[in-house]
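Inspection log for the structure reproduced underneath, given as structure tokens.
The values are calculated or read from the model by the stated rules, or taken from the named source; none is laboratory data. Remember, predicted model here, so these are calculated numbers, not experimental data. Reconstructed Cβ throughout: ideal geometry from the backbone, glycine too, with neighbour counts over all protein chains shown.
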Amino acid sequence: MSASATGEPVALVTGATAGIGLETARGLVRAGLRVTIVGRDAVRLEQARRELSRGGAGDRIETAAADFSNLAEVRRLAEAVLARHDRLDVLVNNAGLISRERRRSADGYELTMAVNHLAPLLLTNLLLDRLRGSTPSRIVTVASQAHKGARVDVARLASDEDWSSLKAYGRSKLCNILFTRALARRLDPARVMTACLHPGVVATKIGDSAGALAGLGWRLVKPFLITPEKGAATSLFLATTPDPVPYHGAYLIDCRVAQTDAAARDDATAERLWEESARLVGLPGKVAA
């Protein structure tokens with residue numbers, strides 16, 4: 001059933017089969033939205049749908065499968081969402097990974113950058129007209145404090161040179177913030193607000209695959225980290241706060257605007273990143289104008 005038939009606002013949450021994404025979807029369902037959850041695995045998607053459906057909200061939860069390491073699947077996801085819903089009020093770019101080993105995506109790009117940055121950039125742009133038509137709407141991107149100390153060479157954006165699992169992750173999270181800054185300059189916040197956030201250091205499975213030493217460290221500290229429910233709080237704040245305009249283009253921690261590294265505030269780099277990312281994913285250079 002389309003959103004127009006129910007009158008309910010619509011949200012899309014990527015990486016929503018577990019962890020922060022699942023809790024974000026749960027919070028949006030409780031807030032009265034019709035939520036499409038996105039994940040790679042059909043079995044895990046169905047398990048997540050059943051869990052979220054407890055309490056009688058099953059008719060407001062939908063699933064969509066897409067592997068963000070393949071840009072063709074991102075395009076198919078966008079097509080399915082546009083065909084299914086005539087409005088989109090909230091897009092939460094939550095999907096992300098830390099790769100255990102140096103790998104390339106289906107399109108030949110370094111895997112972490114492909115999944116964490118290029119895929120959400122493509123998805124956002126493919127859905128942007130629908131978001132604009134659902135004013136006021138929001139685009140929320142989950143970044144990380146892992147961007148601190150990272151640097152991105154835009155000319156080698158999708159390269160796997162100078163690679164380690166944590167370096168690649170930090171670069172991709174820096175790109176999330178720069179992407180948000182560039183996108184914010186292209187949008188009227190009264191129509192479409194965009195912001196990014198650090199969810200906190202959350203006890204999810206994302207760090208389990210960070211390589212032998214880093215992965216071991218992650219598993220040792222995980223019992224002392226915050227819960228996925230707490231990690232979803234800032235995403236939910238941005239998705240549901242009555243007046244999101246003051247947060248347009250901002251980076252938040254604990255539901256408050258926070259300072260990023262200087263590299264994440266470099267608008268010239270943000271523009272070069274935007275142009276190169278658009279080229280890599282096959283979008284026109286003047287997207288989101």
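Go through region 70-94 residue by residue and tally those that are in a loop (DSSP other than H, G, I, E, B) and closer than 19 Å to residue 278 by Cβ. Qualifying residue count, region 70-94: 1. Every condition in (1) over 22 Å from residue 119 (Cβ atoms); (2) touching a helix residue (DSSP H, G or I) at 6+ places or on another chain (Cβ under 6 Å) holds for residue 276 except the one numbered (1).
Yes/no per residue for (1) among the polar types (S, T, N, Q); (2) closer than 24 Å to residue 198 by Cβ; (3) at pLDDT below 95:
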site	(1), (2), (3)
8	no, no, yes
13	no, yes, no
17	yes, yes, no
55	no, no, yes
58	no, no, yes
80	no, no, no
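From the list 131, 121, 111, the lone residue that is without any contact (Cβ under 8 Å) to a residue 60 or more places away in the chain and either touching a Ser or Thr at 6+ places or on another chain (Cβ under 8 Å) or farther than 23 Å from residue 188 by Cα (or both) is 111. Of everything in region 116-140 that is surrounded by fewer than 24 Cβ atoms within 10 Å (Cβ to Cβ) and β-branched (Val, Ile, Thr), the residue that is farthest from the chain's Cα centre (by Cα) is 135.
The condition (being basic (Lys, Arg), surrounded by fewer than 17 Cβ atoms within 10 Å (Cβ to Cβ) and either touching a helix residue (DSSP H, G or I) at 6+ places or on another chain (Cβ under 9 Å) or within 20 Å of residue 237 (Cα to Cα) (or both)) is satisfied by just one residue among 60, 30, 34: 30. Of all residues in region 174-189, those that are over 17 Å from residue 129 (Cα atoms) and in contact (Cβ under 8 Å) with a residue 24 or more places away in the chain have Cβ atoms under 8 Å from Cβ atoms of residues that are among the polar types (S, T, N, Q) and assigned to a helix (DSSP H, G or I), 6 or more apart or on another chain, in 175/116; 175/277; 176/116; 178/269; 179/277. Among residues that are outside any helix (DSSP H, G or I) and out of contact with any strand residue (DSSP E or B) (no Cβ under 8 Å at 6 or more places or on another chain), residue 97 is included. Here residue 100 clears all of (1) buried (at least 16 other Cβ atoms within 10 Å of the Cβ); (2) at pLDDT below 95 except the condition numbered (1). Return the only residue of 167, 173, 148 being under 19 Å from residue 262 (Cα atoms) and either polar (S, T, N, Q) or buried (at least 24 other Cβ atoms within 10 Å of the Cβ) (or both). Exactly one of 167, 173, 148 is under 19 Å from residue 262 (Cα atoms) and either polar (S, T, N, Q) or buried (at least 24 other Cβ atoms within 10 Å of the Cβ) (or both), namely 173.
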